[in-house]
Amino acid sequence: MLNQFSEHGQEHVLKYLSELDDNQIFTERLEDLDFDIVNYCAGLLKNQHEGHYTPGTLNPTDVIELPETPQQVEEYDTAVAVGEKLIANNKVGALLVAGGQGTRLGFDGPKGTFPVGPITGKTLFQLHTEKILAREKQLNAVIPFYIMTSELNYQDTVDFFKSNGFFGKDASTIIFFKQGMLPPLDENGKMFLESKDRVAMSPDGHGGMLRALFKNKILDDMQNRGLKSLYYFQVDSPLVNVCDPAFIGYHELNNADMSAKTVYKNDPFEKLGNIGEMNGKTVVIEYTELSDEEKLAVNDKGKLTFGQGSIGMHVFSVDFFQRIHDEKIQLPYHIAHKKIPYLNDSGELVNPETPNGFKFEQFIFDAFPFAKKVMVMETERKNDFSPIKNKTGVDSPETAKQDQLNLYGEWMESAGLTVNKDSDGNVTDLVEVSPLYALNKEQFIEKKPELPNSQKGYLFE
Ligand code: UTP
C-alpha cells in the first residue's frame, strides 16, 4: 500500500520508515489521501489546469431587498409562512460547517466551543443548537442538525456535545461527519512530513462539504428523513438566525437550487465576498478580486453597485446536492501560500517564518454557477451577522459581544424596558436573551418581559 507514495513521486515521505515501530499511522493517512486530487493540485501549481474562475466582467444580480413597501412586507410575510410550513412538515435541516482551523482567532479547541454569551458564557455550539431547538418547539417540528468537522476537530466536537447532553436536543437528530483532508505541497508539488510518521494534511475547505456529503452517506440520511432543503451556516456568528423561515420560504418560492443571504457593506472596502453575475452565471468572488473602481461604483439608486456582501449563509435544495453527485460536478481549488511546519533533513521540526508551501481548498460558493436557479436575499446585519474571526479588533469576540448587547438592548427597549447606553448608542448594560426564551424581537415582546433581578446583568432565559 505504501508504494503508492513512490508511484506518485512522493517517496521522500517514507524517509524515516525504517525507524518506525509500525507503519500504522502512515496507512491511516493513506486512507484519507486521494492521489488523483493531490496530482491535480500539483498540476495547478504548474499552471497545467485553469484557475478557480474564468475572469470576466462582474454584473450586479437581483436581490430581494429588506422589506419596506407594503408589497414587500406582504411578500416577506408570505415567505415566512411558506418557510414555517416547510419546517413544521419536517422538510428542513440545519447544516453547520465547523471544520475550519480558526487560526486567526488562535483558540485552543474547535471554534464552536468558544464562549460568547455575554452573561452566561454559552458557547457558539450551544447557541446554535438552542436556536434549532427553539424553532423545533415553536413549530412542533424535528430539524436534523448536520455538523461537519474535520479530522482535526471531530472527536473534540463530538465529545463536547456528548458531555453537554447535546444541549437538550434529541441526540439522534444531531449528525456529525468529517470533511476531507489534503496535503499541502511545496512549489515542486511535494508533500511535507509533519513528523516521522505523518504527512502534513489540512482540511479541504468548506466546499469539501459536497464530497463529504456523499462519501459519508449524509445525503442518503437527508433523503431518508424526507428533507427538501438545508439551512447552511458557518460556526462563527453568535447572531446567526438559524433556519430563518423567511430565507427558507423565499428559496422555496423561487424554486432555487441554492440561495445566498447578504448584508449591505459597511463600506466599499469591507472584506466580504461579492455576489454578482459573470458570463450569465451567479458567482461570488472574493473582495480581493474586485477592482477599486468596481468597489466604489454606485448605481442609480445611489447605492454601491456591488454593495451586497455574501455572509456564508445559504439554503440548498437536497435535489441540487443529488445533481452535483449525479453530474460529477467538481468545485475548483483555491490555492493559498502558507507557512507549513515540516521536518527538515535532520528530522527536526521547523516552523517557517515565511510561507513555504501551498494549501488547497474548495469554497462552497463556487457551487453557485452550477445552480439552475439562485435566490439572493438581503438581511439586516444586526439580526444575523457578527462573525468571530480575529483575536482583537474587527470581527472579534469584543465586537460580537457588543453586537449582542445592542441587539438584545433594542429588544428590551421595544418591550418598554430601559437600558443604558453610551454616547455612541452602544448598550453598556450586560444583556443576554436565551434562544429558548425568544428567537427574535417579536417573540421577545410577546413574552411581556419584566426587568430581571440580577447582579450580573439582564438575563432573559
Ligand atoms: P473561515 O474562512 O473563517 O476559516 O471558515 P477558518 O479555518 O475557520 O479560520 P481561519 O481562516 O483559519 O482563521 C468559515 C467557515 O467555514 C468552516 C469554518 O469552520 C467556518 O465555519 N470551514 C472552513 C470548514 O468547515 N472547513 C474548512 O476546511 C474551512
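The values are calculated or read from the model by the stated rules, or taken from the named source; none is laboratory data. As the structure is a prediction and not an experimental result, all values here were calculated from the model. Note: ideal-geometry Cβ built from the backbone for every residue, glycine included; neighbour counts use all protein chains shown.
Summary of values
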| read-out | value |
| --- | --- |
| Search result, residues across the range 82-106 that are away from the ligand (no atom under 16 Å from the Cβ) and polar (S, T, N, Q) | 89, 90 |
| Conditions (1) within 16 Å of the ligand (Cβ to nearest atom); (2) within 18 Å of the chain's Cα centre (by Cα); number of the one not met by residue 341 | (2) |
| Qualifying residue in the range 378-395 (condition: within 16 Å of the ligand (Cβ to nearest atom), among the basic types (Lys, Arg), surrounded by 14 or more Cβ atoms within 10 Å (Cβ to Cβ) and over 28 Å from residue 250 (Cα atoms)) | yes |
| Residues located in the range 108-132, provided they are more than 10 Å from the ligand (Cβ to nearest atom) and either within 13 Å of the chain's Cα centre (by Cα) or farther than 17 Å from residue 460 by Cα (or both) | 108, 109, 113, 114, 115, 125, 128, 129, 132 |
| Leading residue by the ranking (surrounded by the most Cβ atoms within 10 Å (Cβ to Cβ)) among those in the range 396-410 that are in a helix (DSSP H, G or I) and under 18 Å from the mean Cα position of the chain (by Cα) | 400 |
| Among the candidates 324, 340, 388, residue that is over 20 Å from residue 288 (Cβ atoms), out of contact with any strand residue (DSSP E or B) (no Cβ under 9 Å at 6 or more places or on another chain) and in a loop (DSSP other than H, G, I, E, B) | 388 |
| Condition check for residue 145: without any contact (Cβ under 8 Å) to a residue 60 or more places away in the chain, crowded, with 23+ Cβ neighbours inside 10 Å, within 16 Å of the ligand (Cβ to nearest atom) and of a type in the set (Phe, Trp, Tyr) | yes |
| Checklist (1) outside any helix (DSSP H, G or I); (2) out of contact with any His (no Cβ under 8 Å at 6 or more places or on another chain); (3) away from the ligand (no atom under 13 Å from the Cβ); (4) among the polar types (S, T, N, Q) applied to residue 172, failing item | (1) |
| Filter result (assigned to a loop (DSSP other than H, G, I, E, B) and either closer than 17 Å to residue 164 by Cβ or at pLDDT below 95 (or both)) within the range 106-134 | 106, 107, 108, 109, 110, 114, 116, 117, 120, 121, 122 |
| Breaking point among (1) of a type outside the set (Val, Ile, Thr); (2) exposed (fewer than 15 other Cβ atoms within 10 Å of the Cβ); (3) modelled with pLDDT of 95 or more; (4) on the phi > 0 side of the Ramachandran plot, for residue 90 | (2) |
| Pair list, Cβ under 7 Å, 6 or more apart: the range 299-311 residue touching a residue at least 60 places away in the same chain (Cβ under 8 Å), other residue aromatic (Phe, Trp, Tyr) and buried (at least 21 other Cβ atoms within 10 Å of the Cβ) | 311/385 |
| Qualifying residues in the range 187-218 (those that are more than 13 Å from residue 13 (Cα to Cα) and in a loop (DSSP other than H, G, I, E, B)) - the one farthest from the ligand (Cβ to nearest atom) | 188 |
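For every residue, the table says whether it meets (1) touching a Ser or Thr at 6+ places or on another chain (Cβ under 8 Å); (2) farther than 30 Å from residue 85 by Cβ; (3) of a type in the set (Val, Ile, Thr).
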| residue | (1), (2), (3) |
| --- | --- |
| 197 | no, yes, no |
| 203 | yes, yes, no |
| 209 | no, no, no |
| 217 | no, no, no |
| 223 | no, no, no |
| 228 | yes, no, no |
| 231 | no, no, no |
| 235 | no, no, yes |
